[in-house]
Amino acid sequence: MKMLQKLSLFITLTLSALTVVAQTDPQTNFNRGQFELAAQAWAETLSKSTCQNDPKCYIDTSLRLSAAYLSLGRVMNALKVLKDALPIAQKDKDTDPVRFATVLMYLSDAYLAMRGFQDEDLNSLEKICTKIQDAGTKDAESKLTEKNILDEAMECLNKAESVARNV
């Protein structure tokens, strides 16, 4: 009977600990290496109407979500989130150049994370994401290759540096 009580106490404490982790804010989860929990929370925040109508919220949450996706190895998800955030950041680049430059830097990181992708991965990526000409990337006609990816990363980084110099 005593063994059953100990087992019951252990299960209760374990479930309580899991509940606390699930209720922790996403940044804490991210800092603890619980990237999936953080990504879920930030993806939910992005879908809420309050964040949809607030460019700063949308961009900041997109940056956090992309970092979580990159930590999970979901490079294509991270790139898609960033490409969705880029036009919003670009629209406000005169009033908030730091956020615009940050999105570009994160895009560069996402491109660098794709260095080892195989051709079939790159073909899938071309279907998911469109090129962003205004961000300093190549035209939509160029085919993604490992070299092009490095060029894209460098162009995003150069554009971010240019924006940052003018702040």
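The values are calculated or read from the model by the stated rules, or taken from the named source; none is laboratory data. Every value quoted in this text rests on a predicted model; they were computed, and no experiment measured them. Backbone-built Cβ (ideal geometry, glycine too); neighbour counts: all protein chains shown. All accessible areas refer to the heavy atoms of the entire protein, side chains included, with ligands and DNA or RNA removed. Shrake-Rupley method; radii C 1.70, N 1.55, O 1.52, S 1.80 Å.
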Members of region 38-92 found to be polar (S, T, N, Q), touching a helix residue (DSSP H, G or I) at 6+ places or on another chain (Cβ under 7 Å) and at pLDDT 90 or above, listed by number
Thr45, Thr61, Ser62, Ser66, Ser71, Asn77, Gln90
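Being of a type in the set (A, V, I, L, M) and within 15 Å of Asp84 (Cα to Cα) is the filter here, so list the residues in region 24-58 that pass it.
Going through region 24-58, the residues of a type in the set (A, V, I, L, M) turn out to be 37-39, 41, 43, 46.
Of everything in region 24-58, those that are of a type in the set (A, V, I, L, M) and within 15 Å of Asp84 (Cα to Cα) turn out to be Ala43, Leu46.
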Since Asp134 meets every condition but one in (1) open to solvent by 60 Å² or more (accessible area, probe 1.4 Å); (2) over 21 Å from the mean Cα position of the chain (by Cα); (3) at pLDDT below 65, which condition does it not meet?
(2)
